[in-house]
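Read through the structure below, which is laid out as structure tokens, and then see the notes.
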Amino acid sequence: MSEVLNIEKIGQIRGNVISEISKLRSKDEISNLRIKYLGRKGIVSKLLRSIHEIPIDQRKIFGQKLNILKEELELLFEEKSNEGFNEFDQFNKEKSLQDISLPGRKGIIGNLHPTSKVVREICKAFTPMGFQIVEGPEIELDKYNFELLNIPKDHPSRDMFDTFWVDWKNDKDEYPLLMRTHTSPMQARVMEGSIPPIRVLVPGKVFRYEATDASHEWHFFQVEGLAVDKGITFADLKGTVYEFARAIFGSERKIRFRCDYFPFVEPGVDVSIDCFICEGGGCRVCSKTGWIEIMGAGMVHPKVLSSVGYDPEIYSGFAFGMGVERIAMLKYGIEDIRLFYSNDLRFLKQF
Ligand code: DAH
């Protein structure tokens with residue numbers, strides 16, 4: 001021990017601290033060095049604790065010197081801390097090749113896909129009228145996609161829907177699974193699981209086994225609507241569609257209903273709005289007719305109501321379905337539906 005404790009040793013420690021302290025570049029470094037010497041297990045603290053090992057006659061002088069050293073070091077550390085480090089300068093000195101004042105690289109911020117944007121807008125138009133948003137499965141049973149919607153097996157109305165069948169047979173040797181061709185199966189699913197009044201909106205992806213061209217894709221989005229209650233009439237359908245068309249295409253819109261055939265509604269209609277580009281005069285967008293088709297709709301067929309266990313004498317309802325990309329194309333003047341899913345950022349970034 002006495003080998004450690006001699007006057008020279010104290011001088012050496014002082015010298016070491018002074019030279020080490022001059023190299024310090026941050027508060028962290030000061031704190032570490034302070035701990036090394038003055039911390040509980042630090043060099044100076046240990047020496048002070050072992051002072052009793054010194055012969056009595058030298059103990060006092062050593063004690064005094066060590067205490068003076070301790071005080072001096074405390075002061076040095078404090079002064080160094082007060083120097084007010086400019087840590088950026090220190091950092092730059094050390095890493096002179098890096099210029100941290102250069103502006104950083106901008107992260108790429110994406111935007112909503114035009115389809116998502118329009119789905120949200122459509123939902124926003126219907127929710128104030130009390131419609132709830134629900135979603136359904138993209139792989140669907142034949143039963144919901146067709147049969148419960150009054151589209152029996154081998155009926156010609158199935159030809160309206162070019163279908164992707166899933167390669168899986170049940171024990172009756174049937175292919176009951178398919179990629180849903182429309183969002184209408186959710187009409188049956190929702191009715192099956194609830195008691196009227198019902199007001200739902202079903203956005204979702206659908207699939208068709210079709211060749212693609214400027215107005216056809218093999219997958220696209222639809223939004224389905226369904227309202228069922230006692231005493232729902234065609235006037236309710238009309239009012240609801242009016243509200244929607246005006247929210248999306250402007251408050252001046254007129255609506256036209258024409259008879260159309262969809263197996264799950266009776267009467268069935270196709271709904272058009274007056275052309276918002278030419279105001280009805282006739283242009284390219286409306287094919288010179290002054291009208292633009294926006295959706296199919298109708299009163300829920302009594303057979304559909306009974307197939308899910310509702311009494312059509314008590315309940316009635318309306319339904320509608322629209323293609324989201326078609327609405328987006330009209331709204332934004334997009335001429336080719338294939339642009340939506342070809343992942344060209346020049347297109348997608350515009351929304
Ligand atoms: N599901 C039809 C289709 O994909 C669209 C449709 C028409 C939905 C009339 C409806 C409706 O709910 O009433 O072509």
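The values are calculated or read from the model by the stated rules, or taken from the named source; none is laboratory data. Every value quoted in this text rests on a predicted model; they were computed, and no experiment measured them. Cβ: placed from backbone, ideal geometry, glycine included. Neighbour counts: every protein chain shown. The protein model used for the area step is the full one, side chains on, heavy atoms only, and it has no ligands, DNA or RNA in it. Shrake-Rupley method; radii C 1.70, N 1.55, O 1.52, S 1.80 Å.
Seen through its C-alpha gyration tensor, with square-root eigenvalues sorted a ≥ b ≥ c, segment 269-351 comes out oblate because a/c lies at 1.5 or above while a/b is not bigger than b/c. Annotation: per residue accessible area for the chain equals 58 Å², rounded to a whole number [probe 1.4 Å, protein chains only]. Would you be so kind as to identify which of 221, 81, 148 lies farthest towards the positive end of the dipole of the chain, taking Lys and Arg as +1 and Asp and Glu as -1 on Cβ and the Cα centre as origin? Looking along the dipole axis, the top candidate is 81. Cysteines in the chain lacking any other cysteine Cβ under 4.7 Å from their own Cβ: 123, 259. Think of each Lys and Arg Cβ as +1 and each Asp and Glu Cβ as -1; about the Cα centre, that makes the dipole of the chain roughly 1660 debye.
Among 201-209, 103-111, sorting by the average number of other beta carbon atoms lying within 10 angstrom of each residue, highest first, gives 201-209, 103-111. For a paramagnetic label modelled on residue 205 (point 7 Å from Cα along Cα→Cβ), amide N atoms under 19 Å away belong, within segment 302-325, to 322-325. Measuring against 19 Å, Cα to Cα, the residue pairs 46/80; 9/80; 9/36 contain 46/80; 9/80 as the ones spanning a longer distance.
Comparing 43, 306, 289 along the charge dipole axis of the chain, the residue lying farthest to the positive side is 43, per the Cβ-charge model.
The GNM of the chain, with springs linking C-alpha atoms under 10 angstrom apart, assigns the highest mean-square fluctuation among 15, 298, 280 to 15. Ligands, DNA and RNA left out, the 1.4 Å accessible surface of the chain is 52% carbon and sulfur atoms. Modelled this way, with points 7 Å down the Cα-to-C-beta line, the labels at residue 20 and residue 59 are 2.9 nm from one another. Take the cross-link list 230/331; 205/254; 169/238; 205/238; 205/331 and give me the ones stretching past 31 Å between alpha-carbons. As for pairs spanning more than 31 Å Cα to Cα, those are 230/331; 169/238.
How big, in percent, is the set of alpha carbon pairs in segment 206-351 lying more than 28 Å apart? Every Cα pair in segment 206-351 considered, those over 28 Å come to 28 percent.
For residue 29 and residue 331, the difference between the fully extended length at 0.36 nm per residue and the C-alpha to C-alpha distance is 102.5 nm. In the chain, the DSSP beta bridges split such that about 95 percent are antiparallel, to the nearest 5. Each Cα pair under 8 Å and six or more residues apart adds its separation to the average, and for the chain the resulting relative contact order is 14 percent. Measuring nothing but alpha carbons in the chain and taking Rh as the Kirkwood radius, the Rg to Rh ratio lands at 1.47.
Applying the criteria of a DSSP loop state and at most 15 other Cβ atoms within 10 Å to the trypsin sites (Lys or Arg not before Pro) of segment 40-70 yields 40, 41. Long hydrophobic helices in the chain: none of the complete DSSP H runs spans 30 Å or more by Cα along its own axis with mean Kyte-Doolittle hydropathy of at least 0.0.
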